[in-house]
Structure formats: structure tokens, C-alpha cells
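What follows is one structure encoded as C-alpha cells, with my remarks underneath.
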Amino acid sequence: MRLTIDHRTTYRFTAPQGRVVQLLRMTPRNTHDQTVAAWDINIDCDARLREHRDGFGNITTMLYAEGPLSGIEISVSGEVVTSSSSGVLHGTFEPLPAALFLRSTPATHAEPALAAFAQAATEGRAPIAALHALNAAVHERFTLVDGRPEAGLTVTAAFARETATARDLAQMFVAAARAAGFPARYVTGYCDALPNGRPTPHGWADAWVEGLGWVGFDPTLGRSPEAHHVRVAVALDAAGCSPVAGSRLGEGREWLDVEVQVSGQD
């Protein structure tokens, strides 16, 4: 499948900013399951861009823009050709051991209620069957809601609710999988198969299965990611691989707008 992606992030400031520095995790990598046919990052002002790789192996771009700036727009567009692999990853760059992803973060620490939920879903099952059962259980428990995720919401707070965003579903799966003894990580990217479409990047999860490797699970859809997904970045939680993070030098408040369009063609 060929997926075309247009991702625009716009900041507007109530007072001119002297400098803006942003860390962008917005560039997908080539793997055996996806090939980046074209990819461009454009900024609507004079800016310096420097590409690196972070400790997780993600491609990152540092953006430096000098003011005065009343706003800044980051526009990402490209095409990625994907293939189906039943969720099993092939040919990814993995600089870290899988066991590192048993580590929890403040956002993904599993309290007893979530740990018990994970045990009930996975107990007595073979590893891959247990993870698919857990993915289905997270998918079925919550009503999916659109909109931007609540900043700083932990999996404990999210698990107590009846509704959840795609980000919160993925983080709850990550925390539950770790509680069940499986290394797991958060994944950011794009998907053209989401219900009702969403004007934001998508989030799902990977879990490590001995003898098989990393396998993707998308609790928003209740199944493993397929050719409709484009992987961009991974980390211990959503904050660790957010598409845009950074700082600004100046007074006033900021206003953020994000628009994502993803279309696929067989």
C-alpha cells in the first residue's frame, strides 16, 4: 500500500518570541515492512534543521529559529510504501535490548487494578495469544474519543475512566503488557484506517515475544498494525516519542493547531 501523509503543526504566540527550539520526531525509517518513497520537512520561516538519531534509534530533527516570531508552522509531507506482516516487525534498527522496555515511567506505572486486568486477560495463554487477548480486552473496555489527549494523564487515571483516546489506549496496553512480564513500548506514526479519521498522529504499541521479536498491537483498532500503518518513533511512553517537543524564549501564551491527513492507495 502507498500511504500519502500531510502533517501540519502550527504555533501562534500572543507575544513575539526571541527564539524557538524544537525536537522533531517526524521522519519514518526504512524497514523490511515500509519504504520511505519521499519525505520533506518544511518550516515557514528561516530555520536551521539538523538530523540525528536518538538513543531509541529514532530519526530526530532539531529545529532552531531566531525571532522575533509571532508563530511558526512545521509542515511534513511524504509517501511511504508498506506491506503486511501480521504485526511482526522485520528489519528495524534496534540499538537497545528488549528487556529495557520492562521499565515503567511515571505515566505508565501499572497500579494494582490495571495489573489485575492484565493478569485476567493473559493468564494461562501462550505469549502471542496472551498479548492478542490483552489487546482485545483494552479495545473492548473503553469507548474511543476523538480530540487531543490530556497532557500528563497517567495510565492509572485513564484506566479509571470509561472513555479513552488512542494515546491512552496504547499507553494502557504498554503498562498492562509490562505488568504481565512482556517488554513493551509506545509507537507513534500514522494510519489511514482509523474510525471517523483523526486530525492527529496515531499511537499504538509493540510487545516483545521470545522467538518472534517485536510485534505491534493497536488497541484502538483491536488488532495488530498492518499495511495501513506507518511507523515513525518508539519510546518508553508517549511523551518520549512525541512528534514535536521543545522550548521558546519569550513572554505570552501559545496556541497550537495540529492537522494530519493520511490517504492510502493499494
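The values are calculated or read from the model by the stated rules, or taken from the named source; none is laboratory data. The structure presented is a predicted model; accordingly, all values stated were derived computationally and were not measured. Cβ coordinates were reconstructed from backbone atoms using ideal geometry, including for glycine residues, and neighbour counts include every protein chain displayed. Side chains are part of the model used for accessible areas, which takes the heavy atoms of the whole protein and leaves out ligands, DNA and RNA. Shrake-Rupley method; radii C 1.70, N 1.55, O 1.52, S 1.80 Å.
Explain nothing, just compute: Karplus ³J(HN,Hα) = 6.51 cos²θ - 1.76 cosθ + 1.60, θ = phi - 60°, for every residue of segment 122-136 in order, whole Hz, x for Gly and Pro.
Going residue by residue, I get 10, 4, x, 10, 5, x, 5, 5, 4, 5, 5, 5, 5, 4, 5 Hz, with x marking Gly and Pro.
What is the percent carbon and sulfur in the accessible area of the chain, measuring with a 1.4 Å probe over the protein chains and ignoring ligands? Present the calculation step by step, with values, prior to reporting the outcome.
Values: 6070 of 11980 Å².
It is 51 percent, rounded to a whole number.
Which is the longest stretch in the chain that no exposed loop site breaks, taking sites as GluC sites (Glu not before Pro) with a DSSP loop state and at most 15 other Cβ atoms within 10 Å? Walk me through the numbers before you get to the answer.
Values: sites that count: Glu123, Glu150, Glu162, Glu210, Glu251.
Result for the longest clean stretch: 1-122.
Using alpha-carbon positions, what is the distance between the centroids of segment 117-178 and segment 195-252, in Å?
First find each Cα centre; the distance between them is then 14 Å.
Could you work out [θ]222 nm for the chain from helices alone, using -39500 (n - 2.57) per DSSP H run of at least four and dividing by all its residues? Round to the nearest 500 deg cm²/dmol. Provide the component values of the computation, followed by the final result.
Values: 4 runs with 45 residues, N = 266.
Calculated at 222 nm, the ellipticity per residue is -5000 deg cm²/dmol.
Choose one of Gly71, Val145, Met172: the residue whose Cα lies farthest towards the positive end of the charge dipole of segment 50-187 (beta-carbon charges +1 Lys, Arg; -1 Asp, Glu; about the Cα centre).
Among Gly71, Val145, Met172, the one farthest towards the positive end of the dipole of segment 50-187 is Met172.
Restricting to Cα pairs below 8 Å that are 6+ residues apart, what does the relative contact order work out to for the chain? Please round to a whole percent.
The normalised contact order for the chain reaches 30 percent.
How much accessible area per residue does segment 1-156 have, counting only protein heavy atoms and a probe of 1.4 Å, in square angstrom?
Value for segment 1-156: 50 Å² per residue.
Please compute the per residue accessible area over segment 170-266 with all protein chains in place, 1.4 Å probe, rounded to a whole number of Å².
38
Please list, ordered by chain and number, the residues whose modelled amide H lies under 5 Å from the amide H of Met26; skip anything fewer than 5 residues away on the same chain.
Thr61
Taking the Cα centre as origin and putting +1 on Lys and Arg beta-carbons and -1 on Asp and Glu beta-carbons, what dipole magnitude results for segment 84-241, to the nearest 20 debye?
So the magnitude is around 100 debye.
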